[in-house]
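The structure appears right after this line, and notes come after that.
Bear in mind that the values in this text are calculations on the coordinates, not laboratory data. In this text the structure is predicted, and so the values were computed from the model without any measurement. Cβ coordinates were reconstructed from backbone atoms using ideal geometry, including for glycine residues, and neighbour counts include every protein chain displayed.
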Amino acid sequence: MIWILLGSFAVFLLLRFPIAFALGLSCLIYLLAAGIPLIIVPMKMYSGIDVFVLLSIPGFIMAGNLMNQGGLTEKIIDFCNRLVGHIRGGLALANIAASMLFAGISGTAISDTASIGSVMIPAMKKEGYDAPFACAVTAASSTVGPIIPPSVSMIIAATLTGLSVGKLFLAGALPGLLLGLSLMGLTYYISRRRQYPTHERSSWRQVGRSFFNTFWALLMTVVILFGIIGGFFTPTEASIVAVVYALLVGKFVYRRLTLRKALVVLLDSMRTSASLMVLIGFANLFGWILIIERLPQTVSEGILGFTDNPYVVLLLVNLLLIFVGTFMETIAALLILFPILLNVAVAVDIDPIHFAVVALLNLMIGLTTPPLGVCLFVAAGIGKTSIGSVTRAGFPFLLVSLLVLALVTLIPGLSLWLPELFTD
């Protein structure tokens with residue numbers, strides 16, 4: 001019977017159904033074929049979203065949208081330009097730096113690509129950068145977002161498995177910085193070879209003024225992160241603090257947030273949150289079916305029967321998740337696969353926090369892996385260029401990302417040092 005579920009799910013994915021509907025319809029087909037009462041659908045969907053920490057997701061989504069409407073993106077880009085714009089390929093470097101700073105607010109790769117890319121890709125093309133290169137830089141740097149805290153994907157991973165949200169946030173900081181800096185190094189090398197343009201060096205006064213304008217936006221990330229780690233509030237409470245903070249900064253500091261914009265943000269956040277909750281609900285039903293069909297146990301027994309070497313297990317997981325990440329939305333992949341694979345990891349003594357970071361980094365890299373990497377398509381659409389040219393331009397960035405993934409996989413300390421430092 002499990003093949004009915006997985007087969008129909010694969011068919012709906014090939015037909016380009018939205019992932020939530022693909023999950024829901026495949027579950028419905030399975031339940032009808034198995035003769036299971038359909039009352040199980042609302043029961044399992046509700047139990048999947050009836051988790052207190054998930055209330056933080058609408059809050060973080062709304063806070064990010066408020067800050068974006070309040071002019072945050074432009075201020076971050078201006079600050080990064082002031083810092084590195086005078087270096088060869090400075091605008092491309094500012095693109096990556098902006099993604100690293102914006103990561104703490106958006107928390108999702110696709111929103112990063114769309115928000116940063118809509119500003120930076122046209123600006124880079126205007127200054128003489130190749131369109132495929134501009135799109136590739138934007139897509140690659142967007143993968144940093146869900147690794148550097150706070151991250152919606154990390155909140156969901158923690159919810160699924162009972163891991164500490166605070167520890168996961170800390171665990172993602174160093175790998176995220178390593179990925180961002182590595183991408184900047186490659187960008188600088190390519191820019192030097194192609195003689196991409198530079199900006200005039202900003203004075204310290206201009207840098208200071210730009211930092212002051214950006215400071216209030218960046219402070220929100222600090223408040224959220226250290227508020228959760230310090231035990232001052234839960235992730236759900238932190239999301240509400242973020243919303244209130246974003247409202248105050250957007251209205252009284254940046255003076256860009258009007259009542260009309262706030263209403264647009266509210267409606268957009270409601271739509272995004274609702275679609276995400278439907279996805280989580282259907283994924284919980286899908287996961288319940290997998291459990292009653294004993295698929296998690298089968299997968300665990302299969303992998304452990306093949307090897308009990310933790311490094312080989314991590315290699316197999318890396319290959320699987322990068323493949324899955326090329327065609328499946330990150331959160332859906334987490335909901336379906338992460339609990340199953342975490343059981344395998346724990347069975348061979350892999351630290352669950354380390355494994356969570358490795359899994360998330362895999363799925364992020366999958367978003368820029370051809371032929372179906374979603375961020376590549378988003379960036380190509382903004383840059384009005386072919387997906388083939390963006391894929392070719394993005395190949396060096398993919399190799400660097402894979403190198404960082406290998407380091408994070410083989411050196412657990414990159415993920416575990418900060419959590420151990422703050423919790424011991």
One finds the C-alpha centres of region 26-58 and region 119-155 to be spaced, in Å, by 35
In degrees between 0 and 90, to the nearest 10, how far off the longest principal axis of the chain does helix 259-292 point, with axes built from Cα atoms? 30
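Between rounded, prolate and oblate, where does region 320-424 land on the alpha carbon gyration tensor, with a ≥ b ≥ c its root eigenvalues, rounded for a/c under 1.5, else prolate if a/b exceeds b/c? Intermediate results must be reported in sequence, preceding the final value.
Values: a/c = 2.66, a/b = 1.87, b/c = 1.42.
Note, shape of region 320-424 comes out prolate.
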For helix 19-34, report the angle its Cα long axis makes with the longest principal axis of the Cα atoms of the chain; keep it between 0 and 90° and round to the nearest 10°. 0
Total lysine pairs whose alpha carbons fall under 27 Å of each other in the chain (8 or more apart, or interchain): 8
Calculate for the chain the 222 nm mean residue ellipticity that helices alone would give, adding -39,500 (n - 2.57) per DSSP H run of length 4 or more and normalising by residue count, nearest 500 deg cm²/dmol. -26000 deg cm²/dmol
Derived scalar couplings ³J(HN,Hα) [region 237-242; Karplus, 6.51 cos²θ - 1.76 cosθ + 1.60; whole Hz; x for Gly, Pro]: 5, 4, 5, 6, 4, 5
What value in Å³ per residue do you get for the convex hull of the alpha-carbon atoms in region 368-424? 101
Let's see if you can work this out: charge +1 on each Lys and Arg Cβ, -1 on each Asp and Glu Cβ, no other charges. What is the dipole magnitude of the chain about its Cα centre, in debye to the nearest 20? 1720
If a/c stays under 1.5 just call it rounded; otherwise compare a/b with b/c (prolate if a/b is bigger, oblate if not). Do that for region 185-235, with a ≥ b ≥ c from the square roots of the Cα gyration tensor eigenvalues. oblate
For the Cα atoms of the chain, what angle does the longest principal axis make with the long axis of helix 352-366, in degrees from 0 to 90, nearest 10? 70
Packing-based order for 164-172, 122-130, using average beta carbon neighbours within 10 Å, highest first: 164-172, 122-130
Once Asp268 and Phe323 are pulled to full extension, the length gained, defined as 0.36 nm per residue separation minus their Cα-Cα distance, is 16.7 nm
Quick P(r) readout (the chain; Cα-Cα; 10 Å bins; whole %) gives 5, 22, 31, 27, 12, 3, 0, 0
Of the candidates Val317, Tyr188, Gly287, the farthest towards the positive dipole end of the chain (Lys/Arg Cβ +1, Asp/Glu Cβ -1, centred on the Cα centre) is Tyr188
Along the charge dipole of the chain, Cβ charges K/R +1 and D/E -1, which of Gly35, Ile229, Gly90 sits furthest on the positive end? Gly90
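Can you tell me how region 1-158 classifies by the Cα gyration tensor, rounded, prolate or oblate, using a/c under 1.5 as the rounded cut?
prolate
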For region 202-217, what does the Karplus curve 6.51 cos²θ - 1.76 cosθ + 1.60, with θ = phi - 60°, yield as ³J(HN,Hα) per residue in whole Hz, taken in order and with x for Gly and Pro? 7, 6, 4, 5, 5, 4, x, 5, 5, 5, 4, 5, 8, 3, 5, 6
Picking from Val390, Trp3, Gly48, whose Cα lies most toward the positive end of the charge dipole for the chain (charges on Cβ: Lys, Arg +1; Asp, Glu -1)? Val390
